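The values are calculated or read from the model by the stated rules, or taken from the named source; none is laboratory data. Note that the structure is predicted; figures quoted are calculated from it, not measured. As a convention, Cβ positions derive from the backbone with ideal geometry for all residues, glycine included, and neighbour counts pool all protein chains shown. In case anyone asks, the SASA skips ligands and DNA or RNA and just uses the protein heavy atoms, side chains included. Shrake-Rupley method; radii C 1.70, N 1.55, O 1.52, S 1.80 Å.
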Amino acid sequence: MSDKKKFERLFELYSSLILDGFIDKNKFMDSNNMSLRTLQRDIEEIQKYLQIELILENDRYTLKKEYLKKLKKWFNFDNDNLKKNVDILFSVFMKKVSSNLSLIPHSTVSKLLPQNVDNEYYDIIVISNNEINNIAGDSENIEKLLSCVKDLNDISFDYYIQSSNINYKVKAIAYLIYYFQGIWYLVAYDHKHKKIKTYSISNISKIEIIQKLKFNNNKEKEEYQKEHKNRIESREKLIKLIEKKRSIYWSDNKLTKTTIHFNSEVAHYFKNRDYGFNQKIKKELEDCSIIVNFDFSSFTELRIFLSPWLGSFKIISPEKFNKEFIEHLNKSLSIMNE
């Protein structure tokens, strides 16, 4: 069976679990004209992607209540509304399998991205081992980047910083291509600064692939293979971090524990979905407002995270973040009033 058919089957399984809480084994096999072995493989994959456990009882694969609650926490809709808004259901499913894009047909992704990628339910894509033909920018550059990321090559490129109007040369290991809130980024290990950094793809030019094709002896080849294995492991860690952090901000410094009070008008959003890194509800108050803990890499990350919630929150701690945010707002108002 084709990958496209497989992808459609997995989405059908996901939809059945969300809407019904179970999968009818015989009905699913008949409608997809498939063998029991193929169904079992699909069940194994959907459990892996969704991090759930299914139990086979009376020809039904059923979900434990805690797993169903876990799946539904992404939605603020009842089942009837979800049936009418399949694009939302599909967007969340895409998010959940985004780090396994080799599963998704090119035509499906390229069709989906322009319409739905900015949907609040689907704001991140991670590309690590598959091509996508719908990234805005110079096509030759993008093809090189996709190739580098797929093979985890060393690369060099010129990077343009618009605010300073300067170009500088970067030498790095290409780990991921990463979509975040409307912009495509290259996530790479910068050799000069010895840390992971993100680069807007639209500002990258003059890409050169640095690839060792010949080895003088077996020792060189073994060292190369060992290094490549380490890079694969590093990329897997990055993908897990991105899926949790949902941000482009990276820091070698310690994360700052931050406590924020959200009023009753927006509290339900944070009860139903994790918006921030290491989000944890500390307390629910009698007026239906909540106090939430997060971890942030920097004030800039916090500022951008909180911008959509202006007028609905107060930063409790650390005090320095609260002061910096007030200063930022005052400066912004001053500029707007000039």
Q. What accessible surface, in Å², does a 1.4 Å probe find on ARG41, ignoring ligands, DNA and RNA and rounding to the nearest 10?
A. 110
Q: Over the stretch 10-52, give the accessible area per residue in Å² for a 1.4 Å probe, as an integer.
A: 47
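Tell me the per residue accessible area of the stretch 180-338 using a 1.4 Å probe; a whole number in Å² is fine.
Value for the stretch 180-338: 65 Å² per residue.
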Q. Under the definition of Cα pairs under 8 Å and six or more residues apart, what whole-number percent is the relative contact order of the stretch 145-247?
A. 24
Q.
Between GLU319 and GLU286, how high is the FRET efficiency from 1/(1 + (r/R0)^6) when r is the Cβ-Cβ distance and R₀ = 30 Å? Nearest 0.05.
A. 0.75
Q: Whenever you get a sec, line up GLU44, GLU53 from highest to lowest accessible area (probe 1.4 Å, protein heavy atoms).
A: GLU44, GLU53
Q. Hey, if we sort PHE11, PHE270 by accessible area with the 1.4 Å probe, largest down, what's the order?
A. PHE11, PHE270
(Q) Apply the Karplus curve 6.51 cos²θ - 1.76 cosθ + 1.60, θ = phi - 60°, to the phi angles in the stretch 321-337 and return the couplings in whole Hz, x for Gly and Pro. (A) 5, 5, 5, 5, 5, 4, 4, 4, 5, 4, 5, 4, 5, 4, 5, 5, 8
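If the chain between ASN330 and GLU220 were fully stretched, how many nm would it gain, using 0.36 nm times the residue separation less the Cα-Cα distance?
Numbers: separation 110, 0.36 × 110 = 39.60 nm, distance 5.85 nm.
Answer, rounded to one decimal: 33.8 nm.
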Q: Using 0.36 nm per residue of separation minus the Cα-Cα distance, give me the extension gain between SER202 and SER163 in nm, one decimal.
A: 12.6 nm
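Using the beta-carbon distance between GLU44 and ASN337 and R0 = 51 Å, what value does 1/(1 + (r/R0)^6) give for FRET efficiency, to the nearest 0.05? Please report the intermediate quantities before stating the final value.
Values: r = 60 Å, r/R0 = 1.18.
Between GLU44 and ASN337 the formula returns 0.25.
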Q.
Under 5 Å between amide hydrogens, which residues at least 5 positions from TYR185 or on another chain qualify, with H placed 1.01 Å from N in the peptide plane?
A. TYR178, TYR179, PHE180, ILE201
(Q) Quick check: pseudo-label points 7 Å beyond the Cα along Cα→Cβ at SER156 and GLN211, how many nm apart are they? (A) 1.8
Q: Measure up LYS65/LYS283; LYS144/LYS195; LYS69/LYS323; LYS150/LYS320 against 32 Å on the Cα-Cα distance and list the ones that go over.
A: LYS69/LYS323; LYS150/LYS320
Q: Note down the nm distance, to one decimal, between modelled labels 7 Å out along Cα→Cβ at VAL266 and at ARG37.
A: 5.4
Q.
Quick query: amide H of PHE277 versus all other amide H atoms, modeled in the peptide plane; which residues come in under 5 Å with a sequence gap of 5 or more or a different chain?
A. ASP295
(Q) With every protein chain left in place and a probe of 1.4 Å, what is the accessible surface of LYS171, to the nearest 10 Å²? (A) 120
**Q.** Chain lengthening between ASP59 and GLU12 when straightened (0.36 nm per residue, less Cα-Cα)
**A.** 15.2 nm
